[in-house]
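The values are calculated or read from the model by the stated rules, or taken from the named source; none is laboratory data. Because the structure is a prediction, the values reported are computed rather than measured. FYI the Cβ positions are ideal-geometry reconstructions off the backbone, even for glycines, and counts take in every protein chain you see.
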Amino acid sequence: MNTTVATKFTDLNLIQPLLDRLKELDYKLPTPIQAQAIPSVMQGHDLIAGANTGSGKTASFALPLLQQVYELKKDKADNTSNKGNFVKGLILVPTRELAKQVSDSIKSYANHLNGAVKTVCVFGGVSINPQMLALRGGADIVVATPGRLLDLISSNAVKLDKVKTLVLDEADRMLSLGFTDEINELLALLPKSKQTLLFSATFPEQVKALTKELLKDPIEIQLQSADASSLVQRVFTVNQGQKTALLAHLIKEHQWQQALIFVNAKNGCEHLADKLSKRGVFVDVFHGDKGQGARNRVLDAFKAGEIDVLIATDIAARGLDIEKLPVVINYDLPRSPSDYMHRIGRSGRAGEVGLALSLIDHEDYHHFKVIEKKNKIRLEREEVEGFEVDQSLIPKLDKPMAKPEGTGKKKRKKKSDQTPDVWLNGTDSE
Ligand code: AMP
């Protein structure tokens, strides 16, 4: 493995049209993940890349992929050129919004390739017909959510037999239980010989085991911890039943330019929105029960800064790039420790200063400890003036229960220790 880390984009052997575009975008230097991943991808290696969300992962695979496809198209012997609905590069992502974001980034990076690379984005929740039309004559790069891609394959709108590079973005989620059947079906349709790239901020152990079957002598890049300094994490304790009041207080007091608040259930979003509006805080909501049109409108408005406070489920937890988002608040704690990392990664992106707040009441104490343990963090519990907690409850709930007299010494396995890393929430199956 080549361990030299390039410090300039011009050291990465990128073609001039890509370099010109990076200059236009004011990307001065490659981020650490770009500096390490781009050479490996260009050399054709399989890759397992773990880097903090917001650290420039998209360009790490998009730039070399664009370059590979561009060069391949110049090669007369290339047998995937636009006949028979073939695809050269396939990028699979867990949510519709992320599909659109990744595809938009690729199209932007390809700006000076004079339309030589055709990128098509496909996801569910919208009419399939325009996507079928877009795929007519093949595509060089397809960005897709798995369910809709399978629908398009069964209508013969696209064929995967000549894919040269497969990217799983948010790979831990793509390899988790929620996607098993779809991913297995897709993998069976892909050629055996191909380059496979896995990118994610987190790789829980169960997922790492699965990657062994998927990758050939992969290069591993792990940059998570070295790179996380611009995000401050804080935990506020609060009495049960007081979370909404504390949240409304924090929003009014801090006057953040924008805030993204996570809850665990779709109806929880609406419920919290109602409660906040009664306290004079007006918010929008983003969850999987909303139509795709409404989802797009809300997200675009939030990204454009037209919405100040957004309450969302975990469909907003992964990959979404919201520029200069000052704060993410966990109103409900995420069920899985890795989702905690993904949620908080919406703030503090691309080296910006960010803040991640978690509001925990007595019932959340144990679970927050598990989140801390799995993510190897330890945060000081803080109180907000006017919302002091009933301390008498904390020792009872925060410490393991005292053993009744006379019982043996066998350690009780706490329920919270069994919380699995990989859950099914926060994805679009189509
Ligand atoms: P990503 O992690 O790919 O979602 O990227 C996060 C943000 O960083 C996006 O807004 C990118 O446009 C931006 N970005 C990616 N690479 C660079 C770079 N080398 N220099 C400056 N900004 C970058």
Count of residues meeting criterion [within 12 Å of the ligand (Cβ to nearest atom), modelled with pLDDT of 85 or more and surrounded by fewer than 24 Cβ atoms within 10 Å (Cβ to Cβ)] in segment 312-353
0
Residues of segment 37-59 being free of Cβ contacts under 8 Å to residues at least 60 places away in the same chain and within 14 Å of the ligand (Cβ to nearest atom), which ones?
ILE38, ALA59
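Among the residues of segment 254-262, is there at least one that is of a type in the set (A, V, I, L, M, F, W, C), on the phi < 0 side of the Ramachandran plot and without any contact (Cβ under 8 Å) to a residue 24 or more places away in the chain?
Kept after step one, since they are of a type in the set (A, V, I, L, M, F, W, C), are these residues of segment 254-262: 256, 259-262.
Cutting the leftovers down to on the phi < 0 side of the Ramachandran plot gives us 256, 259-262.
Still in the running and without any contact (Cβ under 8 Å) to a residue 24 or more places away in the chain: none.
No - not one qualifying residue is present in segment 254-262.
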With respect to PRO32, determine if the residue is modelled with pLDDT of 95 or more, within 30 Å of GLY345 (Cα to Cα) and more than 8 Å from the ligand (Cβ to nearest atom).
no
Tally the residues that are closer than 29 Å to GLN43 by Cα, free of Cβ contacts under 8 Å to residues at least 40 places away in the same chain and in contact with a helix residue (DSSP H, G or I) (Cβ under 9 Å, 6 or more places away or on another chain), restricting the search to segment 115-169.
5
Cβ pairs under 8 Å, 6+ apart or interchain, first in segment 7-21 and free of Cβ contacts under 8 Å to residues at least 12 places away in the same chain, second assigned to a helix (DSSP H, G or I) and surrounded by 14 or more Cβ atoms within 10 Å (Cβ to Cβ), ordered by first then second residue, are THR10/LEU19; LEU19/PHE9
